[in-house]
1. More than 24 Å from the chain's Cα centre (by Cα) and on the phi > 0 side of the Ramachandran plot - does that describe any residue in the stretch 210-227?
2. So, of the residues in the stretch 203-220 that are open to solvent by 60 Å² or more (accessible area, probe 1.4 Å) and either among the β-branched types (V, I, T) or touching a residue at least 40 places away in the same chain (Cβ under 8 Å) (or both), which turns out to be farthest from R3 (Cα to Cα)?
3. So L223 clears everything in (1) over 17 Å from G157 (Cβ atoms); (2) surrounded by 17 or more Cβ atoms within 10 Å (Cβ to Cβ) except one condition, right? Which one?
4. Go through the stretch 228-247 residue by residue and tally those that are surrounded by 12 or more Cβ atoms within 10 Å (Cβ to Cβ) and more than 20 Å from V180 (Cβ to Cβ).
5. Checking S7 against (1) under 27 Å from E142 (Cα atoms); (2) in a loop (DSSP other than H, G, I, E, B); (3) free of Cβ contacts under 8 Å to residues at least 24 places away in the same chain, only one condition comes out false. Which one?
6. Please enumerate the residues belonging to the stretch 154-202 that are touching a helix residue (DSSP H, G or I) at 6+ places or on another chain (Cβ under 7 Å), without any contact (Cβ under 8 Å) to a residue 40 or more places away in the chain and of a type in the set (K, R).
7. Would you point out which residue out of R27, R31, R19, R3 is at pLDDT below 90, out of contact with any strand residue (DSSP E or B) (no Cβ under 7 Å at 6 or more places or on another chain), open to solvent by 50 Å² or more (accessible area, probe 1.4 Å) and under 30 Å from V176 (Cβ atoms)?
8. Within the stretch 50-66, is even one residue surrounded by fewer than 20 Cβ atoms within 10 Å (Cβ to Cβ), without any contact (Cβ under 8 Å) to a residue 12 or more places away in the chain and of a type outside the set (A, V, I, L, M, F, W, C)?
Amino acid sequence: MCRRLHSQVVGMEICHSPRIPIETTGRLLARSDLESMHGAVIEDVKRHGKYIIFSTRAGTLVSHCAMSGFWDTDLEPWTFDYVEGRRTVDTQHVRCRIPTVEIGRTRRGPVLRYHDVRKFGRLDFCPIDVDGFVLAKRMGPEALVTERAATVTQFVGRSLGSDFRPIKQVLTDQSVVAGVGNIYSTEALWRASVWPWMPSAALSIGETMELMVCLQEVLEEALHHEVRYDRFLRVYRQRSCVRCGTTIARESLAKRATYYCPRCQRAPF
């Protein structure tokens, strides 16, 4: 999503005027935010964890898409598949429209559109930069980075020691490592043959590092597939294990559906 948006809106100027207003439903953005955004030039579109971040010199527009939210522009509507169903553009589900113009001109640019069927997502305009936002939210290091070793080291240091929570719960704790949810944690644990209820502190450093490598592989594959990324899933909502043929089990962990192979990911006791 960030790649697509980056190529379309970076360098564009946000426009909010009586003639071309930013339109929102509900209370996604305050009126003062809309006024602050007017004339702000979008300098970057990036992600930290599950947040999509539009950087401007006037502040940072931050979006958490939650379960069903996504961004596109009116020039390139987006349709993609998801494990819970097909996401298609429907104007009745557009919760926010942000017009843009070319810098210093009145020529129309793309209209940023935020779609959200379930209305779980949220938007904020913060007068701080990206680093300040990450610090304020107390988010951990990014799960997917170019330099794997740095993230693995940070993750090992945070997850081992006194943390005796189940490893799946630790993986999805955004203050430990940012950007991992229920699906990707489930897939990574299966790849690393780790029982989801294994206490984090019980994993060896080698096991934890192997798990982190598997986690990054899952995330990289998801980004590579882009539109049909659900097709590479091997355990989440699957019937049988592709490695051993055992029927996949489904149980609840921290109120989230957890899928695992009872044979490949057997409990150590």
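1. No; the residues of the stretch 210-227 include none that is more than 24 Å from the chain's Cα centre (by Cα) and on the phi > 0 side of the Ramachandran plot.
2. Once the filter is applied, the top-ranked residue is I205.
3. So the condition that L223 fails would be (2).
4. 6
5. (2)
6. R165
7. R3
8. Scanning the stretch 50-66 turns up no residue that is surrounded by fewer than 20 Cβ atoms within 10 Å (Cβ to Cβ), without any contact (Cβ under 8 Å) to a residue 12 or more places away in the chain and of a type outside the set (A, V, I, L, M, F, W, C).
The values are calculated or read from the model by the stated rules, or taken from the named source; none is laboratory data. Bear in mind that the values here come from a model prediction, so they are computed numbers and not experimental data. Virtual Cβ from ideal backbone geometry, glycine too; neighbours counted across all protein chains shown. Keep in mind that these areas ignore ligands, DNA and RNA; they rest on the heavy atoms of the full protein, side chains included. Shrake-Rupley method; radii C 1.70, N 1.55, O 1.52, S 1.80 Å.
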